[in-house]
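Step one of this worksheet: look at the structure below.
The values are calculated or read from the model by the stated rules, or taken from the named source; none is laboratory data. This structure is a prediction, so every number in the text was calculated from the model and none was measured. Glycine also receives a Cβ, built like all others from the backbone with ideal geometry; neighbour counts cover every protein chain displayed. Heavy atoms of the whole protein, side chains included, go into the accessibility calculation; ligands, DNA and RNA do not. Shrake-Rupley method; radii C 1.70, N 1.55, O 1.52, S 1.80 Å.
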Amino acid sequence: MNRPLALIVDDEPDIRELLEITLGRMGVDCIPAADLASARRHLKATPHFDLCLTDMRLPDGSGLELVEETGSELPIAVITAHGNMETAIQALKAGAFDFVSKPIDLGVLRQLVQTVLKLSASSPAPHPATNGTGTSARLLGNSASIQKIRIMIGKLARSQAPAHITGESGTGKELVARLIHEQGPRRDHPFIAINCGAIPSELMESEFFGHRKGSFTGAVADKEGLFQAAGGGTLFLDEVADLPLHMQVKLLRAIQERSVRPVGGQQEIPVDVRIISATHKNLAQMVQEELFRQDLFYRLNVIELEMPPLRKRREDIPALIDVLLKRVAAKNGMDKPAIEPSAFRLIEEYPFPGNVRELENVLERAVALCDSGIIQADDLHLPLTERPALDEEPECPEGLSLEEYLEKIERRMVLDALEATRWNRTAAAKRLGISFRALRYRLEKLGLDQGQE
């Protein structure tokens, strides 16, 4: 069996020798190059390399040129100066597989090489449109926007760059993160998902980084954090915009240093995780409002993937209804119900602010309420109040100020959510994509806080 082959590009002989010795002990053959010209000659003369390690600063140019020239065909890890995260992020955005900082930590280097070799040894990724056991079977729909998402999932799976998934609540952000993980070289290691808005602020550091016995009241034993639990795999930070500022600082350090310090601990613990984050909020706007750290934003948002809302891919609704009804029926041990044309039209016209998650909830409720195995319009219980689709631009009525008109729209949306959930405020807040506290504030502001529970 042929040994893996690596291209080592660095103008410092000592660095080249260190890399060759380290990789050689891992069973990897190496071809050294001192500059870009030599690297290009080797790439042209050698049919296949499994990986490439290149310094950023070379006598005749930048290692970034190799990244741009090879595309995603060759996994390239870029060697950067210590602490130069801007250069590392630039390399990742250009398509580098990963980066390693000088002075080179051999443990980090070995982990990186092992991850690359897993990627090279895995079978070629199936075409995104025909992957019957992967994206097509779970990320439903054939619209152009969903086809693009599948292609992006395939590209992101072959990279270690931090990815940030944006989109409204219920669009499938966690599903996409799981698919990226499952199609990549970390698939055999844990996928740990955490909702950053669901952890009490005072417990957040312990949850993320772990703690040592006796470090605080109630710490009766050592506990590993989420970074350690996701070791070798992927840590999915859902609703990352909800992180308080003090945790944003600590998270940034953990990502940059690739190590964590448990609460009450004295030593830093190396961690090897890929970070994928998501939020339905506008992080760039939060950075401008100084609610989210700019340096953390750039570190998380190396590659952005935007999930389209359901109202912008209505052609996928029939396929979604079919699969979701089968799923609900199977869960309840019954035959898949039919759906009356009038009910079908009502679903197609509804804007679905809660997206696919809301559609699934609507169908599950309809299956429970329908008679004779046929879903009718009344079984859907969709809000009847007409309102403009969220992607349209409503006109402001004459005589109303912008502030008054926005308050009118806000009141209508809040009332719709409350009526749709029978005034269950927790469910209404979830439907609106805001926290319970934010809903309570809006109810007080709009004079609706005396409504029924």
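Could you tell me whether residue 215 is surrounded by 16 or more Cβ atoms within 10 Å (Cβ to Cβ) and modelled with pLDDT under 90? When the stated conditions are applied, residue 215 passes them. Identify, please: which residue in segment 50-90 is outside any strand (DSSP E or B) and β-branched (Val, Ile, Thr) and is, among those, farthest from residue 40 (Cα to Cα)? So, considering only residues that are outside any strand (DSSP E or B) and β-branched (Val, Ile, Thr), the one farthest from residue 40 (Cα to Cα) is 89. Residues in segment 279-302 that are crowded, with 17+ Cβ neighbours inside 10 Å, under 15 Å from residue 255 (Cβ atoms), over 17 Å from the mean Cα position of the chain (by Cα) and not charged (D, E, K, R): 292 alone.
Against the condition surrounded by 13 or more Cβ atoms within 10 Å (Cβ to Cβ) and touching a residue at least 12 places away in the same chain (Cβ under 8 Å), how does residue 332 come out, does it pass?
no
Scoring residue 364 on the criteria (1) over 24 Å from residue 432 (Cα atoms); (2) at pLDDT 90 or above leaves a single failure, condition (1). Selection of segment 91-118 for residues being over 16 Å from residue 70 (Cα atoms), part of a helix (DSSP H, G or I), open to solvent by 20 Å² or more (accessible area, probe 1.4 Å) and at pLDDT 85 or above yields 106, 107, 108, 110, 111, 114, 117.
Here segment 76-90 is the region considered, the condition is being in contact with a strand residue (DSSP E or B) (Cβ under 8 Å, 6 or more places away or on another chain) and modelled with pLDDT under 90, and the residue that is farthest from residue 48 (Cα to Cα) is 83. The number of residues in segment 163-180 that are open to solvent by 10 Å² or more (accessible area, probe 1.4 Å) and not polar (S, T, N, Q) comes to 7.
Where helices (runs of 4 or more DSSP H) sit wholly within segment 163-243, those with at least 3 residues that are closer than 28 Å to residue 151 by Cβ and in contact with a Phe, Trp or Tyr (Cβ under 7 Å, 6 or more places away or on another chain) occupy 173-182. Enumerate the pairs (first residue in segment 283-308 and over 19 Å from residue 149 (Cβ atoms) and of a type outside the set (Ser, Thr, Tyr); second residue anywhere and part of a loop (DSSP other than H, G, I, E, B) and open to solvent by 50 Å² or more (accessible area, probe 1.4 Å)) with beta-carbon separation below 8 Å, excluding pairs fewer than 6 apart on the same chain, so at least 6 apart or on different chains. Correct list of pairs: 287/293.
Residue pairs whose Cβ atoms lie under 6 Å apart, sitting 6 or more positions apart in sequence or on different chains, and linking a residue in segment 16-32 that is touching a residue at least 12 places away in the same chain (Cβ under 8 Å) and open to solvent by 40 Å² or more (accessible area, probe 1.4 Å) to a partner that is basic (Lys, Arg) and part of a loop (DSSP other than H, G, I, E, B), are 29/3.
If you go through segment 435-450 and keep only what is open to solvent by 50 Å² or more (accessible area, probe 1.4 Å) and either without any contact (Cβ under 8 Å) to a residue 24 or more places away in the chain or more than 32 Å from the chain's Cα centre (by Cα) (or both), you end up with 436, 437, 440, 441, 444, 445, 447, 449, 450.
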